[in-house]
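Asker: Input: one structure, supplied below.
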Amino acid sequence: MTNLDASASEVTFKPKPSLPPPPNTVGVVGWVRKNLFSSPLNSVLTLLSLYVIWVVVSNTVEWAFINAVWEAESRRECLDKVGLSGACWAGVSHWMKNFIYGRYPDDEIWRVNLAFGTLIVWMAPFWFPRVTGKMAIGASAIIISPFLLGYLFAGGEKGLFLQLMVSVAIASFIFSWAHVLLCLSTGRSLWDTIVNVSGFASKADNVQKYPVIGAFVVLLVAVFAWQSGWQLEGQSTNLWGGLFVTLVISGIGIAVSLPAGIVLALGRRSKMPIIRVFCVAFIELFRSVPLITVLFMAVTMVPLFLPEQINPVKIVQAIIAVCIFSSAYMAETVRGGLQAIPKGQYEAAQALGLNYWKMMTLIVMPQALKLMIPNIVGSFIGLLKDTTLVSIVGLYDLLLMLKAVSLNPQWNGLHTEPLFFGACLFFVLCFIMSKYSQHLERTLGAGQVRK
Amino acid sequence: MAVVDRGASGQGSSFSEIVNDQRYRSVFYQIVVAVVVMWAGWYLFSNTAHNLEARGMSAGFGFLGSTAGFSIAFSVIPYEAGDSYLWVYLVGITNTLLLAVVAIIFSTLIGFFVGVLRLSKNWLISQLAAWYVEIIRNTPLLLQILFWYLAVFAILPRPKQSIDVFGLGIFELNNRGFYFPAPVLGELFWLTMATLLAAIVVAYGIAVWAKKRQNDTGERFPVFWTAVGIVFGAPLVMFVITGSPLEWDIPALKGFNFRGGGSVPPAFCAVFIALVVYHACYVAEMVRAGILSVSHGQTEASYSLGLKPGLTLRLVIIPQAMRAIVPPLISLWMNVVKNSSLAIAVGYPDLVAVFMQTSLNQSGHAIEIVAMVMLFYMTVSLTISGALNYYNKLVQLKER
């Protein structure tokens with residue numbers, strides 16, 4: 001009996017190992033069934049879209065690569081070889097320099113390259129994790145660098161003010177990179193190093209800045225003395241063009257529109273009626289009209305508005321128009337961010353005894369801008385695309401340069417290839433920006449994700 | 001003693017106290033801003049007056065009555081060289097509105113379609129829609145317009161080798177433009193239109209009655225199909241009774257070009273297609289975001305109440321999605337109106353082209369003309385945003 005019991009208790013229920021899932025629900029086959037052929041309608045749609053993709057891709061590849069002509073001296077030569085069935089990339093590569101630099105003289109192109117290179121190097125510390133004081137470096141890159149870059153682009157006679165500002169820019173650049181190198185090698189900021197070396201470390205906090213200012217002034221004097229010796233050949237803005245001028249206009253537009261938009265948005269939400277009315281009027285006026293009218297207004301009316309002796313060049317008029325227009329749009333973007341901040345944040349800031357500007361710069365604005373990063377970058381992308389409109393008032397930006405190819409006797413009528421190339425270029429630029437904004441959203445918004 | 005004196009007598013008079021006292025501070029800042037803005041306005045005004053005088057130009061709207069000596073390639077309302085500048089303004093406005101309205105209609109329809117495709121469970125379809133959106137919205141609209149015009153519509157064949165668009169022999173596309181049948185209204189056609197209006201009013205009345213009855217008794221009435229029947233049926237009956245007073249003027253090749261029918265120039269086609277393709281991708285994104293914004297719990301709740309998927313979509317999902325779709329959609333419509341001004345790049349005679357460019361160059365009245373053009377666009381924007389606010393009030397969540 002006991003034996004029987006024991007054996008009964010030994011025969012416990014053992015489930016068989018579960019069968020693998022049916023082969024048609026896993027792996028590639030399962031994925032295809034689930035996502036492409038889940039129902040008769042879906043199967044039809046899949047086949048239809050495969051056909052559409054095939055037609056588009058095969059024709060494009062055939063036109064752009066297989067039948068394309070890469071080496072030719074004129075469009076006639078291209079047409080003789082393949083007719084219209086293949087792209088004539090020879091024309092695009094012949095004009096590549098113009099697409100990028102406009103009609104800037106070949107011997108002076110190094111200045112444009114140097115200027116953009118300087119800007120990139122100036123901004124590079126943003127991507128170094130160990131560097132402190134990134135805001136100061138960024139601010140100097142946005143506010144001070146334009147004087148140096150502008151002089152590199154335009155050249156010509158330097159007035160005393162420009163001499164000073166160019167020197168300040170060069171000195172700031174040297175200062176910030178000395179700071180960056182010190183941070184990377186020793187982990188201490190330039191400020192601390194100067195204070196320590198000068199022996200001011202034991203002094204009161206408010207006098208510690210003097211050796212730093214002194215060092216900067218010494219550097220500035222040295223740079224000023226050095227820079228007065230060189231002068232660049234003047235280049236009329238009529239020669240500027242291509243991608244270079246597109247980037248200049250949209251870069252200035254971006255640098256101006258963000259701070260101006262913040263100020264306008266704060267003004268719009270201000271409790272002071274006069275300031276609010278002005279801000280609302282400005283924003284609504286320029287948001288309700290097309291950019292073209294603002295550009296035409298700038299081109300036809302700015303000369304009327306200014307005293308007779310001032311004759312602004314066309315690119316300056318276009319930049320004014322782009323800045324006004326994009327500031328109004330940016331103001332609404334920032335306002336959206338401000339409205340998303342709960343009232344408790346304002347009240348908490350006030351309860352801490354912060355005044356208006358401290359409340360805004362320390363508590364509200366950082367949160368609002370972080371929330372609005374996708375929209376702000378979206379505005380930047382829109383600005384870069386809208387910059388092409390300056391071609392309508394006759395500035396040789398990238399788009400007008402692309403269009404100008406077809407007027408050249410050698411490449412007469414070559415429209416499609418340059419425009420196709422330009423579309424790809426803009427797509428790459430804008431796509432990178434939008435992907436970068438998604439990346440920023442993920443990294444900066446990490447604290448706000450609720451799991 | 002001295003300190004007390006200064007405090008007593010300097011109350012409110014010392015500059016720093018005005019700036020820092022909460023009672024006066026905001027007034028002080030506002031006065032400063034107002035003075036700066038007024039000074040800037042006066043500065044611009046005096047410069048302008050001086051410049052106008054120096055160039056011997058007159059100000060005022062008197063020029064609107066004088067004749068404009070140029071011709072316009074395409075106009076909705078009849079125009080001949082020699083009409084007044086005011087008429088040119090109206091021609092520009094109607095041309096702009098024609099382009100904008102058809103572009104709004106088509107981009108909204110196509111955008112909804114693509115937005116739904118973007119959410120399809122079929123991976124390939126949703127990827128295709130996603131890449132359409134990515135490619136189109138990361139390329140400048142002006143470049144797209146030029147591409148359509150220079151690479152597609154400018155190289156169309158001559159009238160004799162016209163492309164027969166739908167294979168029906170009545171829609172023709174060639175390098176002079178797009179030709180389509182135009183309606184020729186008979187004498188009694190107004191009766192059909194009147195019946196249509198009356199039918200719409202009746203259908204609306206039925207909808208109101210049906211809603212009231214459902215609220216009172218819970219019984220449902222097939223409003224939609226009744227309304228369709230009345231709105232389409234009644235005018236059709238009237239149309240047949242009055243003897244079909246409508247004919248189509250079909251374009252036909254005579255000599256070197258098509259005669260008869262309606263037509264739009266290639267520039268119109270290029271800008272229209274570019275506007276539609278460009279804005280449809282934004283509409284698609286709005287539709288997608290709107291549908292995704294309705295939480296899945298709503299669908300589940302509706303299923304558990306026993307509603308079928310079709311009813312769930314119509315009664316639960318779409319009304320809530322529309323609340324998120326309509327505000328951005330209406331501001332997109334404003335953008336279509338504004339972006340239609342890019343038509344100037346390919347020579348479609350819209351308001352900016354005929355008035356702000358040609359008329360301005362000829363008459364030189366920069367300030368008045370720019371102001372009038374801005375006034376038009378602002379009126380359109382205000383009208384559209386007024387409609388937006390009205391709709392928003394109707395559908396927003398009623399929170400108490």
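Asker: Can you find even one residue in the range B:127-141 that is more than 18 Å from B:LEU332 (Cβ to Cβ), within 13 Å of chain A (Cβ to nearest Cβ) and touching a Lys or Arg at 6+ places or on another chain (Cβ under 8 Å)?
Answerer: Scanning the range B:127-141 turns up at least one residue that is more than 18 Å from B:LEU332 (Cβ to Cβ), within 13 Å of chain A (Cβ to nearest Cβ) and touching a Lys or Arg at 6+ places or on another chain (Cβ under 8 Å).
Asker: Looking at the range B:142-173, which of its residues are assigned to a loop (DSSP other than H, G, I, E, B) and more than 8 Å from chain A (Cβ to nearest Cβ)?
Answerer: If the condition is that a residue be assigned to a loop (DSSP other than H, G, I, E, B) and more than 8 Å from chain A (Cβ to nearest Cβ), then B:ILE155, B:LEU156, B:PRO157, B:ARG158, B:SER162, B:VAL165, B:PHE166, B:GLY167, B:LEU168, B:GLY169, B:ILE170, B:PHE171 are the ones that fit.
Asker: Go through the residues of the range A:364-383 one by one and say whether even a single one is touching a Leu at 6+ places or on another chain (Cβ under 7 Å) and closer than 23 Å to B:VAL152 by Cα.
Answerer: Within the range A:364-383, not a single residue is touching a Leu at 6+ places or on another chain (Cβ under 7 Å) and closer than 23 Å to B:VAL152 by Cα.
Asker: Is at least one residue of the range A:134-144 within 24 Å of A:TYR104 (Cβ to Cβ), surrounded by 17 or more Cβ atoms within 10 Å (Cβ to Cβ) and hydroxyl-bearing (Ser, Thr, Tyr)?
Answerer: No, the range A:134-144 contains no residue that is within 24 Å of A:TYR104 (Cβ to Cβ), surrounded by 17 or more Cβ atoms within 10 Å (Cβ to Cβ) and hydroxyl-bearing (Ser, Thr, Tyr).
Asker: Among (1) in contact (Cβ under 8 Å) with a residue 60 or more places away in the chain; (2) in a loop (DSSP other than H, G, I, E, B); (3) in contact with a helix residue (DSSP H, G or I) (Cβ under 8 Å, 6 or more places away or on another chain); (4) surrounded by fewer than 19 Cβ atoms within 10 Å (Cβ to Cβ), there is one condition A:GLU157 misses while meeting the rest; what is its number?
Answerer: Condition (3) is where A:GLU157 drops out.
Asker: Could you tell me which numbered condition A:GLU347 fails, if it satisfies all but one of (1) touching a residue at least 40 places away in the same chain (Cβ under 8 Å); (2) more than 10 Å from chain B (Cβ to nearest Cβ); (3) charged (D, E, K, R)?
Answerer: All conditions pass for A:GLU347, except number (1).
Asker: Among residues belonging to the range B:31-69 that are within 13 Å of another protein chain (Cβ to nearest Cβ) and polar (S, T, N, Q), point out the one that is nearest to the chain's Cα centre (by Cα).
Answerer: B:THR48
Asker: If you take the residues of the range B:159-173 that are in contact with a Pro (Cβ under 9 Å, 6 or more places away or on another chain) and closer than 15 Å to B:GLY260 by Cα, which of them is surrounded by the fewest Cβ atoms within 10 Å (Cβ to Cβ)?
Answerer: Only one residue fits best here, namely B:ILE170.
Asker: If you don't mind, another one. Could you please give the count of residues in the range A:32-51 that are facing chain B (nearest Cβ under 8 Å) and either more than 17 Å from B:VAL116 (Cα to Cα) or assigned to a helix (DSSP H, G or I) (or both)?
Answerer: Number satisfying all stated conditions: 7.
Asker: Related question: Which fully enclosed helices (runs of 4 or more DSSP H) of the range A:332-451 have 3 or more residues being surrounded by 15 or more Cβ atoms within 10 Å (Cβ to Cβ), under 27 Å from the mean Cα position of the chain (by Cα) and among the hydrophobic types (A, V, I, L, M, F, W, C)?
Answerer: A:365-371, A:373-386, A:398-404, A:416-444
Asker: Given (1) under 26 Å from the mean Cα position of the chain (by Cα); (2) in contact (Cβ under 8 Å) with a residue 24 or more places away in the chain; (3) surrounded by fewer than 17 Cβ atoms within 10 Å (Cβ to Cβ), identify the lone condition not met by A:HIS179.
Answerer: (3)
Asker: Out of the residues in the range B:76-95 that are of a type in the set (Val, Ile, Thr) and in a loop (DSSP other than H, G, I, E, B), state the one that is surrounded by the most Cβ atoms within 10 Å (Cβ to Cβ).
Answerer: So, considering only residues that are of a type in the set (Val, Ile, Thr) and in a loop (DSSP other than H, G, I, E, B), the one surrounded by the most Cβ atoms within 10 Å (Cβ to Cβ) is B:VAL76.
Asker: For residues that are loosely packed, with under 10 Cβ neighbours inside 10 Å and small (Gly, Ala, Ser), scanning just the range A:5-53, find the one that is modelled with the lowest pLDDT.
Answerer: A:ALA6
Asker: Do any residues in the range A:227-251 that are at negative phi have Cβ atoms under 6 Å from those of residues that are open to solvent by less than 40 Å² (accessible area, probe 1.4 Å) and charged (D, E, K, R), where the two are at least six apart or on different chains, and which pairs are they?
Answerer: A:VAL245/A:ASP397; A:THR246/A:ASP397
Asker: For residues that are in a strand (DSSP E or B) and among the aromatic types (Phe, Trp, Tyr), scanning just the range B:246-267, find the one that is surrounded by the fewest Cβ atoms within 10 Å (Cβ to Cβ). Show your work before the answer.
Answerer: So in the range B:246-267, the residues in a strand (DSSP E or B) come out as B:246-249, B:252-254, B:257-259, B:262-264.
Now narrow it down to the ones that are among the aromatic types (Phe, Trp, Tyr): B:248, B:258.
On the way: B:TRP248: 12, B:PHE258: 19.
Taking the candidates together, the pick is B:TRP248.
Asker: In the range A:209-315, which helices (runs of 4 or more DSSP H) lie fully inside it and hold 3 or more residues that are within 14 Å of chain B (Cβ to nearest Cβ) and either polar (S, T, N, Q) or buried (at least 19 other Cβ atoms within 10 Å of the Cβ) (or both)? Even if it seems obvious, please write down each step before you answer.
Answerer: Details: elements: A:209-227, A:242-268, A:273-287, A:291-305.
Output list reads A:242-268, A:273-287, A:291-305.
Asker: Being more than 14 Å from chain B (Cβ to nearest Cβ), at negative phi and open to solvent by 50 Å² or more (accessible area, probe 1.4 Å): is that true of A:VAL61 here?
Answerer: So A:VAL61 fits the description; yes.
Asker: So is A:GLY83 open to solvent by less than 40 Å² (accessible area, probe 1.4 Å) and either among the polar types (S, T, N, Q) or over 30 Å from A:LEU232 (Cβ atoms) (or both) or not?
Answerer: Yes; evaluated as a whole, the condition is true for this residue.
Asker: Examine the range A:359-375 for a residue that is modelled with pLDDT under 90 and within 11 Å of chain B (Cβ to nearest Cβ), and state whether such a residue exists.
Answerer: Scanning the range A:359-375 turns up no residue that is modelled with pLDDT under 90 and within 11 Å of chain B (Cβ to nearest Cβ).
Asker: Is one or more of the residues making up the range A:301-324 under 20 Å from A:ALA260 (Cα atoms) and in contact with a Lys or Arg (Cβ under 9 Å, 6 or more places away or on another chain)?
Answerer: The answer is no; no qualifying residue exists.
Asker: List, please: which pairs have Cβ atoms under 6 Å, are six or more places apart or on different chains, and start with a residue in the range B:382-396 that is over 14 Å from B:ILE325 (Cβ atoms) and end with one that is of a type in the set (A, V, I, L, M)?
Answerer: Here the result reads B:ILE384/B:ILE330; B:ILE384/B:MET334, each pair linking the range B:382-396 to a residue that is of a type in the set (A, V, I, L, M).
Asker: Kindly evaluate B:PHE272 against the criterion of being open to solvent by 60 Å² or more (accessible area, probe 1.4 Å) and touching a helix residue (DSSP H, G or I) at 6+ places or on another chain (Cβ under 7 Å). Give the derivation first.
Answerer: Values: open to solvent by 60 Å² or more (accessible area, probe 1.4 Å): no; touching a helix residue (DSSP H, G or I) at 6+ places or on another chain (Cβ under 7 Å): yes.
Here the answer is no, as B:PHE272 does not meet what is asked.
A quick yes/no check of all residues on (1) in contact with a His (Cβ under 9 Å, 6 or more places away or on another chain); (2) not small (Gly, Ala, Ser):
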| site | (1), (2) |
| --- | --- |
| A:ALA124 | no, no |
| A:GLY133 | yes, no |
| A:ILE137 | yes, yes |
| A:SER145 | no, no |
| A:LEU162 | no, yes |
| A:SER167 | no, no |
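Asker: Now a separate question. Yes or no: B:VAL202 part of a helix (DSSP H, G or I), more than 14 Å from every other protein chain (Cβ to nearest Cβ) and open to solvent by 50 Å² or more (accessible area, probe 1.4 Å)?
Answerer: Here the answer is yes, as B:VAL202 does meet what is asked.
The values are calculated or read from the model by the stated rules, or taken from the named source; none is laboratory data. Computed from a predicted model, the values in this text were never measured in an experiment. Cβ sites come from the backbone with ideal geometry, for glycine too, and all protein chains shown count toward neighbours. Just so you know, the surface numbers come from the protein's heavy atoms only, side chains and all, with ligands and any DNA or RNA stripped out. Shrake-Rupley method; radii C 1.70, N 1.55, O 1.52, S 1.80 Å.
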